[in-house]
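These notes concern the structure reproduced below.
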Amino acid sequence: MADLDRAAACLAQASRVVVFTGAGVSAESGIATFRDAQTGLWARFDPQRLATPEAFLADPELVWGWYEWRRARLAQVSPNPAHQAIAELAGQVAQLQVVTQNVDDLHERAGSRSVIHLHGSIQQPRCFDCARPMAIPVAEVMENGQRLAPPRCPLCNGLARPGVVWFGESVPQQAWEAAWKAVSTCDLLLSVGTSGAVYPAAGLPRRALEQGARVIHVNPEPVSIHAPGELALTGKAGQLLPRLLA
Ligand code: BJW
Ligand code: ZN
């Protein structure tokens, strides 16, 4: 049986499904992934210069400008067929939980409800010092690499920071507990478009396998599989998911 047919058979038997996504699910919307050697967001920048609290404090204009460039870019793109297929899957299984590492809102814009964001949201800047949410209009046009001074908090004069989870920061506890519970009780986890390089999120597929669920990986790069309950579909999410979830 071809892998796609085997995956479709697993899905047909599943009733509690978790879709776990990474940057690859948004790639076909025109949002760059992180670790692609040529086009990835970090092909030009060292992550330590951008995605840590220390980096932000050392050069707030560089880091804020980079995130505001990404937020402006996000406003110009749309969900792709992978996001749409995942949203439609909710009507076909008894329980569906989307758990994403992405800071974009493309799952929600495709119609998915109750999306768990493990790494926060680029749409929700907050004060670096007092954590108060700050409503900051999206810049209309920005260039990659453009520096921009972060606005100041009206309460405490702290700097605005993106509402994302940087390296060395904890994943929000409520989101993590909800994701862990969903993964611990699912019978199928679809892992879509992630390199599995960043913890604790990268441990979720293993947790699903350990409690007896099946795991299907969707990625254009080969994913090594180790357990009998694991299956890898090699291809782009926007092409494979509409066929798998049709
Ligand atoms: C397609 C495709 C198409 C392409 N279709 N697919 C255990 C061991 C070692 C280290 C640690 C550990 N536990 C914790 C750590 C430290 C650290 C960590 O994991 N480091 C690793 C680098 C080893 N983790 C943390 O610091 C985390 N916090 C934490 O653990 O708190 C406790 C603690 C507190 C204090 C001290 C220490 C620990 C927080 C991690 C936060 C990650 N944040 C980022 C940035 C968010 C903001 C932003 O957007 O800028 O989140 S990093 C970045 O990586 C981003 C992503 O969500 C995350 C995952 O990346 P993802 O989504 O997998 O993207 P890529 O680019 O890697 O992969 C894309 C994939 O798509 C590829 O496979 C392509 O092939 C594929 N693809 N086109 C389908 N069309
Ligand atoms: Zn403040």
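Key figures
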| item | result |
| --- | --- |
| Output for the range 101-118, where each listed residue is assigned to a loop (DSSP other than H, G, I, E, B) and either within 12 Å of A90 (Cα to Cα) or in contact (Cβ under 8 Å) with a residue 40 or more places away in the chain (or both) | Q101, N102, V103, D104, G111, S112, R113, S114, L118 |
| Residues of the range 141-179 that turn out to be away from ligand 1 (no atom under 16 Å from the Cβ) and more than 19 Å from E61 (Cβ to Cβ), as a count | 4 |
| Helices (runs of 4 or more DSSP H) wholly inside the range 1-90 containing at least 2 residues that are over 20 Å from A213 (Cα atoms) | 24-27, 53-58, 60-74, 81-89 |
| Condition check for G30: at negative phi and either away from ligand 2 (no atom under 16 Å from the Cβ) or without any contact (Cβ under 8 Å) to a residue 60 or more places away in the chain (or both) | no |
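One line per residue, one yes/no per condition, for (1) of a type outside the set (D, E, K, R); (2) assigned to a loop (DSSP other than H, G, I, E, B); (3) away from ligand 2 (no atom under 16 Å from the Cβ); (4) in contact with an Asp or Glu (Cβ under 9 Å, 6 or more places away or on another chain):
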residue: A131; (1), (2), (3), (4): yes, yes, no, no
residue: A135; (1), (2), (3), (4): yes, yes, no, no
residue: V138; (1), (2), (3), (4): yes, yes, yes, yes
residue: N144; (1), (2), (3), (4): yes, yes, yes, no
residue: A160; (1), (2), (3), (4): yes, no, no, no
residue: V183; (1), (2), (3), (4): yes, no, yes, no
residue: G196; (1), (2), (3), (4): yes, yes, yes, no
residue: G212; (1), (2), (3), (4): yes, yes, yes, yes
residue: I216; (1), (2), (3), (4): yes, no, yes, yes
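No lab work stands behind these numbers, since they all come straight from the coordinates. What you see is a predicted model; the values in this text were computed from it and never measured. In this analysis, Cβ positions are derived from the backbone assuming ideal geometry, glycine residues included, and neighbour counts consider all displayed protein chains.
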